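One structure is given below, encoded as structure tokens.
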Amino acid sequence: MSRIGKNPVAVPAGVTVDVKDSVITVKGKLGELTQEFSDVTVKVEDNQVVVERSSDFKDHRAKHGLYRSLVHNMIEGVSNGWSKQLELVGVGYRASNQGQKLDLALGFSHNIVLDIAPEVKVETVSEKGKNPIIKLSSHDKQLVGQVAAKIRGFRRPEPYKGKGVKFVGEQIRRKAGKSA
């Protein structure tokens, strides 16, 4: 049995979970999320969501833990939210935002202007003497991760000086440069 899949997901106060046909809908103070599922059954009983699989096929075993984790992330997102922070490391690297438009100066001949999805709140922090930081937050974990990966993909951290866009707290594997 899946170790992750057999654990029930606790539903906190203020969050409602509805299961209809093969779609689960989670509503909370931060928003609403829906997820389709197959090969498993989802039950809501006394403030817990239980995911059970119908058989022991390999595909069903794999989806058992997957859907339990997705439901847990949805419940966590609508109650507390998810956030990621990106740090711009490099001379002249800057970030600013006007509403949902993120303007990045990453050492190219032009600035990169990125339209952020309306579900994601974006905030930029620029302090003198410190690297600029981009803060992303939303109720949808997948969307926050996707937007963060897109921004990071514009200038990935390089291994020699560590310049680029990295997550706050991320350790970059460094290489030794040329030896004289």
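For segment 1-56, which positions are in a loop (DSSP other than H, G, I, E, B), over 30 Å from Pro118 (Cβ atoms) and polar (S, T, N, Q)? Matches in segment 1-56: Ser2, Asn7, Asn47, Ser54, Ser55. Residue count for segment 71-100 satisfying the condition of being of a type outside the set (D, E, K, R), open to solvent by less than 40 Å² (accessible area, probe 1.4 Å) and part of a strand (DSSP E or B): 4. For segment 11-34, the set of residues classified as touching a residue at least 40 places away in the same chain (Cβ under 8 Å), within 11 Å of Asn47 (Cα to Cα) and of a type in the set (A, V, I, L, M) consists of Val11, Val15, Val17, listed by residue number.
Being farther than 30 Å from Val168 by Cβ and either under 18 Å from the mean Cα position of the chain (by Cα) or part of a helix (DSSP H, G or I) (or both) is the requirement here; does Arg68 meet it?
no
Across segment 138-180, what is the total count of residues that are out of contact with any Gly (no Cβ under 6 Å at 6 or more places or on another chain), open to solvent by 70 Å² or more (accessible area, probe 1.4 Å) and farther than 30 Å from Ile75 by Cα? Selection size over segment 138-180: 8. Condition first: touching a Ser or Thr at 6+ places or on another chain (Cβ under 7 Å) and surrounded by fewer than 13 Cβ atoms within 10 Å (Cβ to Cβ). Now tell me which residues in segment 15-28 satisfy that. Scanning segment 15-28 gives Asp18, Val23. Lys135 meets all of the listed conditions (1) out of contact with any Asp or Glu (no Cβ under 7 Å at 6 or more places or on another chain); (2) open to solvent by 60 Å² or more (accessible area, probe 1.4 Å) but one, namely (1).
Inclusion of Gly107 among residues that are surrounded by fewer than 16 Cβ atoms within 10 Å (Cβ to Cβ), closer than 17 Å to Leu136 by Cα and either modelled with pLDDT under 95 or hydroxyl-bearing (Ser, Thr, Tyr) (or both) is not warranted.
The values are calculated or read from the model by the stated rules, or taken from the named source; none is laboratory data. Everything numeric in this text was worked out from a predicted model, so none of it was measured. Neighbour counts run over all protein chains shown; Cβ positions are idealised from the backbone, glycine included. Heads up: the accessible areas ignore ligands, DNA and RNA and are worked out on the full protein's heavy atoms, side chains in. Shrake-Rupley method; radii C 1.70, N 1.55, O 1.52, S 1.80 Å.
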